[in-house]
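Notes to accompany the following structure.
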Amino acid sequence: MPNDNEARSSDSRIAAMLRDREVERFYYDEAALLDAHRYEEWLALFADDAHYFMPIRRTRTQRELDKEFTRPGEMAFFDDTREQLAARVAKLKTGRAWAEDPPSRTRHLITNVRVIRDDGRTLEVECNFHLYRTRLHSEETSWIGSRRDVLRRAGESFQIADRKIFLEQTVLLSRNLSNFF
Amino acid sequence: MALANGEIDKLVSLERGEIDRRIYSDPAIFELEMERIFARAWLFLCHESQIPEPGDFFQSVMGRDNILVVRQKDRSIKAMLNTCAHRGNAVCRAEEGNARSFLCTYHGWSYGIDGRLNGVPGHGTFYNGQLDKSRHGLAQVAQVANYKGFIFGTHDASAPPLEEYLGATGRLGLDLIAMRGDMEVVPGIQKFVIECNWKIAVDNLFDWYHPQITHASAFESNVLPRVGERRDGGKIDMSDVNMQSGANLELAAGGIIGSKFETVVVLGEYGHAIGGPSTSSSGYFELFPEWRDTPQAKAALGPVGINVAGHPNLFPTTWVTTGQQISLRIPREPGRTEIWWFTLVDRNMPRESRDILISFANRIFGAAGLLEQDDGENWAQATAQTRGVASRRMKHLLGMGLGRGRIKKEGGLSRIEGLTSEYAQLWTYHSWAQWMKGLPWDELKNATTPGDCM
Ligand code: FES
Ligand SMILES: [Fe+2]
């Protein structure tokens, strides 16, 4: 017979596993929306005060690695409020966003999901992604990187309150970033 | 491999406004560009604010040479080739940072931040002290100069001084940023790669014929920040644009193109040019235009220049944007160009305005830029269609307005006023051809001095 303490700790471990599973499920659903070009539904996952940020990364020596990424207030590939993200989605919906018409073919693979912090209301979550894209005849892009999100609990699901995207590239090896991460 | 000058003249026709498509994909032409343009022209390296402290460096590019631009102990700036004098290894692999010295990681030769060779392992034992260190420092770029904070270099020791090279047109181009205040580069140089020829990217910066179609989706979706009346830009109504027929395309707003879109094209020696709206044009847009009213700006730009609000290109590859950015187009291969974006702000500008400028720059241009996303698509496809034997027989057409452009000369500037045209692009190609002949500097200047009509 497990004693009280052991029972409690195994309960909390099960709760943490369920929570981790919910977070993963949330990310898989999100990825499915993006790959199906269901951008408006994707946008609805973001909180009104959300910030969406992909810094510029620079090759630096070990000694100066703390300056590898740019910070908010500096230049970035993405530095959007939710309203600005909405403008990107609206652009895609016009039928005249040529970089995405014909649309690129994408697949978002989400892995290594780790809840770093959970205070009951908000969670800090890290994950890795592989965004594979082909376009037109032979254009092929592969972006691998990590995301650090702040998720807010919202009913049965979550809202993305903050997303930071870190690419494993300095010079971006593609002609544009017309997709979402 | 060298092309005869008669051959080069056939590639660009100023009279007919036609360009041979070979210039975008022929590897021999690309190699010749490396020698006759990129090893001679003054090229933009970086802005002095990027390297404020001694030992600060920024790695830049001239042609295919990798260049270390380094702030010295006496605050001067040197530019040197990033290649070891021993057997060629790069002595610095970071894009930017601060260095006390540059250590070659192959055999350990070490150089001061001024490029002097300080240490050679085994100098006494293996070289018997006979290697003359003073003769084997990092090679210095032949000429380096600073124009109002903008650092340029040329590999040609006989090139005219930078200010003379820029001439009135190039200086105006830079003054359009430099005179906005005490300018500094915002940390973070956006770099990305487009599979296009560099000239197609340069050609496009003068192109005010394309935004209404290429950027239709961006204009329809609230891309421009709304801060006050004159700067609203905002949403442009595209509802009357019939995308099916494409005929008689005219926007109701008349903003970016149309009959109220007055332009001024400035043509300069050595191939510099400026093209786009004047300040009285319906297409004039600047987030914070107050700088134009300052006495310093008026004095530096002059009565003609103060009303120029288009896009300058400093030949060959430095685009100065109205959004206070510099976009450098670095040729890597005939069909591969790297784009580098530098963003400048006035150090003394209020935080809020600074944020608006940065946010605008981040969202409009660059790889994710709501405008630039769609540009790359066109450039890559236009480049790809120069490779087919049959496609290549067709010319690129730059005849818009041809023969009707009266060139007015005033204040050292040659300008053509009128509606949207292709004069600035054609001027760039004409000048390109003169550069490609390898003319001596004085003949090159003559051959790229605008006449009375275009
Ligand atoms: S190549 Fe640099 S020390 Fe030998
Ligand atoms: Fe464009």
(message) Using the basic label-point model (7 angstrom from Cα toward the beta carbon), what is the residue A:139 to residue B:74 distance in nanometres?
(response) 5.0
(request) If a cysteine in chain B has no other Cys Cβ under 4.7 Å from its own Cβ, put it on the list, ordered by number. (result) B:46, B:92, B:196, B:453
(request) Would you mind checking the pairs A:91/B:199; B:191/B:395; B:395/B:437; B:10/B:409 and listing those with alpha carbons more than 23 angstrom apart? (result) A:91/B:199; B:191/B:395; B:10/B:409
(message) At 0.36 nm per residue, and after removing the present C-alpha to C-alpha distance, how many nm does the segment from residue A:111 to residue A:157 gain when stretched out fully?
(response) 14.7 nm
(request) Find how many whole Å separate the alpha carbon centroid of segment A:13-55 from the alpha carbon centroid of segment B:390-454. (result) 53
(message) Based on alpha-carbon centroids, what's the gap between segment A:126-169 and segment B:134-163 in Å, whole number please?
(response) 44
(message) Give me the percent of accessible area attributable to carbon and sulfur for segment B:1-158, probe 1.4 angstrom.
(response) 47
(message) Give me the dipole magnitude in Debye, nearest 20, for segment B:43-146 about the Cα centre, with unit charges on the beta carbon: positive for Lys and Arg, negative for Asp and Glu.
(response) 280
(message) 7 Å from Cα along Cα→Cβ at both residue B:5 and residue B:443: what's the point-to-point distance in nm?
(response) 0.3
(message) Spelling out what I want: for every residue of segment A:10-25, take phi, set θ = phi - 60°, compute 6.51 cos²θ - 1.76 cosθ + 1.60 (Karplus), and round to whole Hz; glycine and proline get x.
(response) 6, 4, 6, 5, 5, 4, 5, 5, 5, 4, 4, 5, 5, 5, 4, 4
(request) Over the whole of A:64-74, what's the average partner chain Cβ count within 10 Å per residue? Rounded to a whole number, please. (result) 3
(request) Only residues of segment B:146-160 count here: report those whose backbone N is under 18 Å from the spot 7 Å along Cα→Cβ of residue B:299, or say none. (result) B:148-149
(message) Per-residue counts of other Cβ atoms within 10 Å, averaged by peptide: what ranking do you get for A:58-67, B:274-283, highest first?
(response) B:274-283, A:58-67
(message) Using only protein heavy atoms and a 1.4 Å probe, how much accessible area in total is buried between B and A, to the nearest 100 Å²?
(response) 3700
(request) Pop the C-beta distance of residue B:22 and residue B:107 into the FRET formula with R0 = 51 Å and round what comes out to the nearest 0.05. (result) 0.70
(request) Please name the residues of segment A:43-57 whose accessible area, counted over protein heavy atoms with a 1.4 angstrom probe, falls by no less than 30 Å² between the chain alone and the full protein assembly. (result) A:56
(request) Whole number in Å², please: accessible area per residue of segment A:1-130, 1.4 Å probe, ligands, DNA and RNA not counted. (result) 55
(request) Heads up, I need the accessible area for residue B:453: 1.4 angstrom probe, whole protein in place, Å², nearest 10. (result) 80
(message) Quick check: the angle from helix B:372-384's long axis to the longest principal axis of chain B, C-alpha only, nearest 10 degrees?
(response) 80
(message) As I understand it, the value is the acute angle between the Cα axis of helix B:295-305 and the longest principal axis of the Cα atoms of chain B; what does it come to in degrees, rounded to 10?
(response) 60
(request) Compare the Cα positions of B:378, A:15, A:161 along the charge dipole of the protein assembly as shown (+1 at Cβ of Lys, Arg; -1 at Cβ of Asp, Glu; about the Cα centre) and return the one farthest towards the positive end. (result) B:378
(message) Calculate the FRET efficiency for residue B:86 and residue A:14 from the Cβ-Cβ distance with a Förster distance of 60 Å, rounded to the nearest 0.05.
(response) 0.40
(request) Could you work out, residue by residue across B:93-103, how many beta carbons of other chains sit within 10 Å of that residue's beta carbon, and then give the average as an integer? (result) 3
(request) Please report, as a whole percent, how much of the solvent-accessible surface of segment B:167-447 comes from carbon and sulfur atoms (probe radius 1.4 Å). (result) 49
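Counting each DSSP H run of 4 or more residues in the protein assembly as shown as -39500 (n - 2.57), what helix-only mean residue ellipticity at 222 nm follows after dividing by all residues, to the nearest 500 deg cm²/dmol? Working shown, then result.
Details: 15 runs with 162 residues, N = 635.
Value at 222 nm, helices only: -7500 deg cm²/dmol.
Pop out the carbon and sulfur fraction of the accessible area of segment A:16-95 as a percent, whole number, probe 1.4 Å. Intermediate results must be reported in sequence, preceding the final value.
Working: 1910 of 3760 Å².
C and S atoms contribute 51 percent here.
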(message) I'd like the distance separating the alpha-carbon centroids of segment B:183-225 and segment A:67-82, in whole Å.
(response) 19
(request) Enumerate the calculated ³J(HN,Hα) couplings along segment A:129-135 in order (Karplus 6.51 cos²θ - 1.76 cosθ + 1.60, θ = phi - 60°), each rounded to whole Hz, writing x wherever the residue is Gly or Pro. (result) 9, 10, 9, 9, 9, 10, 8
(message) Students often forget the sequence filter, so: which aspartates and glutamates lie under 17 Å Cα-Cα from residue B:73 once same-chain residues fewer than 8 apart are removed?
(response) B:48, B:53, B:56, B:114
(message) Taking the 0 to 90 degree range and rounding to the nearest ten, how far is the long axis of helix B:351-364 tilted relative to the main principal axis of chain B, both from C-alpha atoms?
(response) 80
(request) Taking only protein heavy atoms into account and a 1.4 Å probe, give the accessible area per residue of segment B:85-145 in Å². (result) 55
(message) Could you tell me the calculated FRET efficiency between residue A:28 and residue B:406, based on Cβ-Cβ distance and R0 = 60 angstrom, to the nearest 0.05?
(response) 0.40
(request) Would you tell me the mean number of C-beta atoms belonging to other protein chains that fall within 10 Å of each C-beta in A:131-141, as a whole number? (result) 1
(request) With a point put 7 Å past each Cα toward its Cβ, work out how far residue B:158 is from residue B:333 in nm, to one decimal. (result) 3.4
(message) Using +1 at the C-beta of Lys and Arg and -1 at the C-beta of Asp and Glu, which of B:125, B:98, B:86 has the Cα lying farthest in the positive direction of the dipole of segment B:43-146?
(response) B:125
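The values are calculated or read from the model by the stated rules, or taken from the named source; none is laboratory data. The structure presented is a predicted model; accordingly, all values stated were derived computationally and were not measured. Using ideal geometry, Cβ is built from the backbone for each residue, glycine included, and neighbour counts are taken over all protein chains shown. All accessible areas refer to the heavy atoms of the entire protein, side chains included, with ligands and DNA or RNA removed. Shrake-Rupley method; radii C 1.70, N 1.55, O 1.52, S 1.80 Å.
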